[in-house]
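Contents: one structure, followed by commentary.
The values are calculated or read from the model by the stated rules, or taken from the named source; none is laboratory data. In this text, all values refer to a predicted model and were calculated from it rather than measured experimentally. FYI the Cβ positions are ideal-geometry reconstructions off the backbone, even for glycines, and counts take in every protein chain you see. The accessibility values were calculated without ligands, DNA or RNA, using every heavy atom of the protein model including side chains. Shrake-Rupley method; radii C 1.70, N 1.55, O 1.52, S 1.80 Å.
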Amino acid sequence: QVQLVESGGGLVQPGGSLRLSCVASRNLWSFNSMGWYRRVPGKQREMVATVDAGGVTNTADSVKGRFTITTDNAKNTVYLQMNNLKPEDTAVYYCKVHWVPVDYWGQGIQVTVSA
């Protein structure tokens, strides 16, 4: 079993920045991949950024150049640095880790981009 605790969300003005954190209850070396996803009400959850066990990252086109996923193995933490935020980035953001054969999800955290 894996617990994931997200933090760092909130309200920010367009053009601002936030850093989301996801602390895992196990060492990150345990996982095959880690990532951030988001969901807007009425829409399907979408991938934002992922990183695999080899350190290879994948970022959605809609956030490429603005969002960066990183990890800190010493802190069992996955980060999502979000810069130049736009109103369309408003969503609930979820952390996910894949530990074969199961996906584990965090509880979600709200990010609101508004003037």
What full-extension length gain, to one decimal in nm, is calculated for Asp103 and Lys43 as 0.36 nm per residue of separation minus the Cα-Cα distance?
19.6 nm
Which part of the stretch 61-99 falls in the paramagnetic zone of Asp52, meaning amide N under 18 Å from the point 7 Å along Cα-to-beta-carbon?
61, 69-71, 96-99
Sort 19-31, 49-61 by packing, meaning the average of other beta carbons within 10 Å per residue, with the highest value first.
19-31, 49-61
List the residues, sorted by chain then number, that are 5 or more residues from Trp99 or on another chain and whose placed amide H is less than 5 Å from its amide H.
Asn32, Tyr104
Listed by chain and number, the lysines with an alpha carbon less than 18 angstrom from that of Lys75, same-chain partners under 8 positions apart left out, are Lys96
The chain - accessible surface per residue (Å², probe 1.4 Å):
53 Å²
Cβ-defined net charge surrounding Asn58, 14 Å radius [Lys, Arg +1; Asp, Glu -1]:
-1
Would you work out what percent of the accessible area of the chain, with all protein chains in place, is carbon or sulfur (probe 1.4 Å)?
49 percent
Determine the order of Ser33, Ser114 by accessible area, beginning with the largest, at a probe radius of 1.4 Å.
Ser114, Ser33
Which net charge results when you count Lys and Arg as +1 and Asp and Glu as -1 among the other residues whose beta-carbon is under 14 Å from that of Trp99?
0
Run the reach check for Lys86 against lysines, Cα to Cα strictly under 17 Å, same-chain hits fewer than 8 apart removed. What comes back?
Lys64
